[in-house]
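A short write-up of the structure that comes next.
The values are calculated or read from the model by the stated rules, or taken from the named source; none is laboratory data. These figures come from a predicted structure and were not determined experimentally. Using ideal geometry, Cβ is built from the backbone for each residue, glycine included, and neighbour counts are taken over all protein chains shown. These accessible areas exclude ligands, DNA and RNA; they are computed on the full protein's heavy atoms, side chains included. Shrake-Rupley method; radii C 1.70, N 1.55, O 1.52, S 1.80 Å.
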Amino acid sequence: MGKDLIIVESPAKVKTIKKFLGGKYMVQASVGHIRDLPTKEIGVDEEHDFTPRYQTIQGKEKVVHDLQEAASRADTVYLAPDPDREGEAIAWHIAQVIKDKARDIKRIQFNEITARAVKDALEHPREINPDLFEAQQARRVLDRLVGYKISPLLWKTVKRGISAGRVQSVALRLIVEREEERQAFKPEEYWLFRARLEASVPPPFKAELLKIKGKKAFVPNAEAAEELEAAMRGKPFVVDSVEEKERARNPLPPFTTSTLQQTANQRLGFSAKRTMSTAQRLYEGVELGERGTTALITYMRTDSVRIADEARDAATAYVEQRFGREFLAPGGKGRVFKGKAGAQDAHEAIRPVDVTLAPAEIKEFLTPDQFRLYGLIWSRFVASQMAAARFHDTIALITCGPAQWRARGERLLFPGWLAALPRPADEEEDALPPLKQGEELKLLEMTKEQKFTQPAPRYTEASLVKELEERGIGRPSTYATIISTIQDREYVRLEDKRFAPTDLGNVVCAQLRDHFPSLMDVGFTAGMEDDLDKVADGKIGWVGLLKDFTKDFNPALSAAAQNMAPVKGGLTTDLPCPTCGKPLVVKFGKSGEFLACTGYPECRYTTNFSRDEKGVIRIEEKQAPTYEVMGTCPQCGGDVVLKKSHTGSRFLSCANYPKCTYAAPFSTGVPCPGCGKGTLVEKSSRRGKIFYSCDQYPQCDYALWNWPVNEHCPECDSPLLVIKNTRAKGRHIACPNPKCRYTRELEEE
């Protein structure tokens with residue numbers, strides 16, 4: 001009798017599960033998806049009910065072979081990918097490739113990777129849910145039809161290599177239209193008055209202008225500001241009324257995927273992608289010294305605020321033990337939160353697996369990102385089960401001549417949940433001193449300042465995630481991918497942590513908005529998400545959904561193929577070429593956007609540029625090259641300097657060139673893992689892409705795209721790691737093995 005086999009998604013889960021199941025089960029990983037649609041063709045038979053043609057993902061052949069071999073030795077195979085649609089699809093594809101080898105195949109799922117949860121799942125297996133799988137399949141086919149049919153039109157009319165996405169394009173539209181709104185905005189002048197006052201008892205406090213002659217205060221210009229100031233000059237500031245009341249502030253519920261992404265962006269500065277990749281590691285398990293590999297949080301893709309009764313009881317016990325009985329929620333039994341309408345309630349909210357495992361106790365075992373995110377999740381969960389914070393609020397109305405001023409203050413009476421999750425400093429208000437009606441106050445300072453109304457701000461990651469969720473675009477589990485995709489395609493850029501569309505993004509959005517109005521419609525996209533939910537619930541069929549979609553999509557596609565105007569020649573500007581005087585245009589090159597002369601090839605002027613808040617182009621002046629001295633030339637004794645080739649890679653050259661012709665490639669100092677003899681050096685392709693290859697070429701052809709780090713991967717034992725730089729995550733260390741998802745922050749180095 002053989003052992004039963006459990007198949008999970010990631011190698012990290014294998015380690016965590018093996019720890020508490022011991023040798024009773026074989027545990028193997030699929031390392032994510034093992035099958036998908038082909039990469040070089042559409043792979044969907046539209047004439048026969050959109051039948052997809054799946055194939056093994058390149059590089060996964062050995063994984064599939066190993067799973068088949070293990071399945072042939074098992075009595076029962078338990079498929080345990082993540083508990084969502086994507087996980088159900090992974091389970092379905094694994095079942096397809098092992099069904100001829102396995103005796104019995106079951107599906108299990110768990111919301112947390114603990115001995116209790118996994119053993120309970122093994123006791124309650126089920127069959128693969130065809131509705132969940134078909135919902136994922138419908139989404140995959142929809143995205144394939146849109147991407148593979150629209151992208152060639154963009155290649156033809158805008159720039160080769162760019163692409164369109166069904167949901168990402170709508171997210172791009174939100175960013176583009178916010179920018180259009182900002183550029184069309186006409187600011188209006190107003191003047192802001194502030195006063196700093198002092199009562200008979202300290203401390204001094206601030207007041208804001210509230211009313212003028214009984215009407216809401218609005219000071220439109222300098223003349224009105226001078227008149228108001230003159231009307232108040234020499235007049236006393238007298239307390240008109242004082243209102244005092246006690247206020248209770250209840251805690252927020254535990255995190256959902258969306259609220260975690262928003263709060264991590266606001267409090268920690270994390271991108272959605274960084275948040276989700278860090279949460280994934282916390283969910284799958286982290287090595288905690290003597291504790292071994294331990295899962296720290298529950299499943300991180302959820303829009304439910306529900307928590308299990310035993311988790312609530314554990315939190316209540318922890319709060320009483322650490323903070324005291326007075327910090328317990330009313331009734332002493334914790335809180336129950338009501339989710340928003342339409343929320344999927346299949347999984348709990350995101351919470352710590354073991355609430356007694358406080359962040360400070362395990363800090364030494366976590367990366368900085370893991371520690372900060374776990375601390376945020378832990379604190380929010382503990383706070384959610386605590387008593388309300390209580391404040392004493394004071395609002396004072398103060399009269400001076402024709403103006404009425406208002407001062408606010410608060411005093412914390414009881415911290416409640418704030419003991420576990422303190423507020424950011426900018427949310428706190430100072431206390432007011434004791435004030436009495438009729439009391440005359442001393443004016444310490446009064447200032448007036450010219451201001452102008454501001455347009456709606458650009459989206460941050462947090463506000464974009466909130467907007468996507470409120471409008472029903474995509475699902476919380478897809479937000480990180482949506483945001484990173486529009487950044488990676490260079491449709492948007494981050495300026496002061498806010499999204500601005502690039503010229504390329506504006507052009508792509510305009511082409512899609514003009515020729516695919518339904519696809520780019522926010523309401524249509526939200527409705528499609530609802531329909532995909534109905535497929536998952538078994539209410540409608542996935543083939544019917546696709547037939548309805550293509551009724552409008554195919555005619556729009558045919559019309560766009562005929563009518564989409566090309567812009568490959570560049571976007572016109574009103575700037576003259578400084579060399580020949582002909583107009584400059586914005587071009588979309590391999591390395592991004594640039595200005596070029598329309599007089600090419602006679603005039604070859606090009607330059608980089610930026611745009612101001614109103615979209616006006618600002619030319620960036622070219623800088624003369626400077627060279628860094630790198631040592632002494634072994635041939636002539638002169639200085640060796642660092643230069644760049646015409647394709648972009650760095651190399652060493654003698655400063656006495658052309659008298660001395662010494663040159664050498666720029667070395668990374670990392671031994672080549674391919675041959676073990678050479679060293680990896682920097683090179684660039686004919687198209688200007690930097691890569692790193694063995695200096696023993698052509699005897700050794702080992703190469704990789706990212707800067708190598710001479711360190712073995714702790715997860716898959718790759719002989720080296722690399723430094724990657726993405727828009728969403730910035731510079732970070734990662735494993736070059738596509739099957740391995742190991743990453744960590746570069747700031748550790």
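For segment 384-397, state whether one or more residues are on the phi > 0 side of the Ramachandran plot, of a type outside the set (S, T, N, Q), surrounded by 15 or more Cβ atoms within 10 Å (Cβ to Cβ) and touching a residue at least 60 places away in the same chain (Cβ under 8 Å). No, the conditions are met nowhere in segment 384-397.
For first residues located in segment 21-33 and more than 18 Å from residue 72 (Cα to Cα), partners that are open to solvent by 40 Å² or more (accessible area, probe 1.4 Å) and at pLDDT below 90 and lie 6+ apart or on another chain with Cβ distances below 6 Å form the pairs 31/739.
Here are 73, 144, 53, 116: which of them is among the basic types (Lys, Arg), surrounded by fewer than 22 Cβ atoms within 10 Å (Cβ to Cβ) and within 29 Å of residue 282 (Cα to Cα)? After ruling out the rest, the residue left standing is 116. In the set (1) more than 22 Å from residue 738 (Cβ to Cβ); (2) in a helix (DSSP H, G or I), residue 23 fails one condition alone, (2). Kindly list, by first and then second residue, each pair from a residue in segment 490-503 that is within 14 Å of residue 611 (Cα to Cα) to a residue that is of a type in the set (Asp, Glu), limited to pairs with Cβ atoms under 7 Å and residues at least 6 apart or on different chains. Going by the 7 Å Cβ cut-off, the qualifying pairs are 500/179; 501/179; 502/490; 502/593; 503/593.
Selection of first residues in segment 543-560 that are open to solvent by 40 Å² or more (accessible area, probe 1.4 Å) and of second residues that are part of a helix (DSSP H, G or I), restricted to Cβ pairs under 8 Å at least 6 apart or on distinct chains, gives the following pairs, ordered by first then second residue: 559/515. Working only within segment 89-110, note down all residues that are assigned to a loop (DSSP other than H, G, I, E, B) and surrounded by fewer than 19 Cβ atoms within 10 Å (Cβ to Cβ). Correct list: 99, 100, 101, 103, 104. Has segment 582-594 got at least one residue that is part of a loop (DSSP other than H, G, I, E, B) and at pLDDT 90 or above? Checked against the condition, which is being part of a loop (DSSP other than H, G, I, E, B) and at pLDDT 90 or above, segment 582-594 yields at least one hit. In segment 694-736, of all residues being among the polar types (S, T, N, Q) and at pLDDT below 85, the one that is surrounded by the most Cβ atoms within 10 Å (Cβ to Cβ) corresponds to 718. Among residues of segment 437-458 that are at positive phi, those with a Cβ under 8 angstrom from a residue that is open to solvent by less than 80 Å² (accessible area, probe 1.4 Å), sequence gap 6+ or separate chain, pair up as 438/238; 438/239.
Filter segment 599-613 down to the residues that are open to solvent by 70 Å² or more (accessible area, probe 1.4 Å) and among the hydroxyl-bearing types (Ser, Thr, Tyr) and list them by number. If the condition is that a residue be open to solvent by 70 Å² or more (accessible area, probe 1.4 Å) and among the hydroxyl-bearing types (Ser, Thr, Tyr), then 600 is the only one that fits. Taking segment 571-584 as the range and being of a type outside the set (D, E, K, R) and surrounded by fewer than 19 Cβ atoms within 10 Å (Cβ to Cβ) as the test, the residues that pass are 571, 572, 573, 575, 576, 578, 579, 580, 581, 583.
Filtered by the rule that a residue be within 37 Å of the chain's Cα centre (by Cα) and modelled with pLDDT of 85 or more, segment 616-642 gives 616, 617, 618, 619, 642. For segment 510-540, the tally of residues that are surrounded by 14 or more Cβ atoms within 10 Å (Cβ to Cβ), over 23 Å from residue 467 (Cβ atoms) and in contact (Cβ under 8 Å) with a residue 12 or more places away in the chain stands at 3. Close Cβ contacts (under 7 Å, 6 or more residues apart or on different chains) running from residues in segment 687-698 that are more than 11 Å from residue 671 (Cα to Cα) and touching a residue at least 40 places away in the same chain (Cβ under 8 Å) to residues that are part of a loop (DSSP other than H, G, I, E, B) and among the β-branched types (Val, Ile, Thr) comprise 688/647.
Please specify each residue of segment 155-172 satisfying the condition of being part of a helix (DSSP H, G or I) and surrounded by 22 or more Cβ atoms within 10 Å (Cβ to Cβ).
Step one: of segment 155-172, the residues part of a helix (DSSP H, G or I) are 155-157, 168-172.
Once the filter is applied, which keeps residues that are part of a helix (DSSP H, G or I) and surrounded by 22 or more Cβ atoms within 10 Å (Cβ to Cβ), segment 155-172 yields 168, 169, 170, 171, 172.
With respect to residue 315, determine if the residue is touching a residue at least 40 places away in the same chain (Cβ under 8 Å), more than 29 Å from residue 273 (Cβ to Cβ), buried (at least 22 other Cβ atoms within 10 Å of the Cβ) and out of contact with any strand residue (DSSP E or B) (no Cβ under 8 Å at 6 or more places or on another chain). For residue 315, the condition - touching a residue at least 40 places away in the same chain (Cβ under 8 Å), more than 29 Å from residue 273 (Cβ to Cβ), buried (at least 22 other Cβ atoms within 10 Å of the Cβ) and out of contact with any strand residue (DSSP E or B) (no Cβ under 8 Å at 6 or more places or on another chain) - is met.
Got at least one residue in segment 665-676 being within 30 Å of residue 720 (Cα to Cα), open to solvent by less than 30 Å² (accessible area, probe 1.4 Å) and polar (S, T, N, Q)? Scanning segment 665-676 turns up at least one residue that is within 30 Å of residue 720 (Cα to Cα), open to solvent by less than 30 Å² (accessible area, probe 1.4 Å) and polar (S, T, N, Q). Comparison of 719, 673, 714 shows that the only residue that is in a loop (DSSP other than H, G, I, E, B) and over 32 Å from the mean Cα position of the chain (by Cα) is 673.
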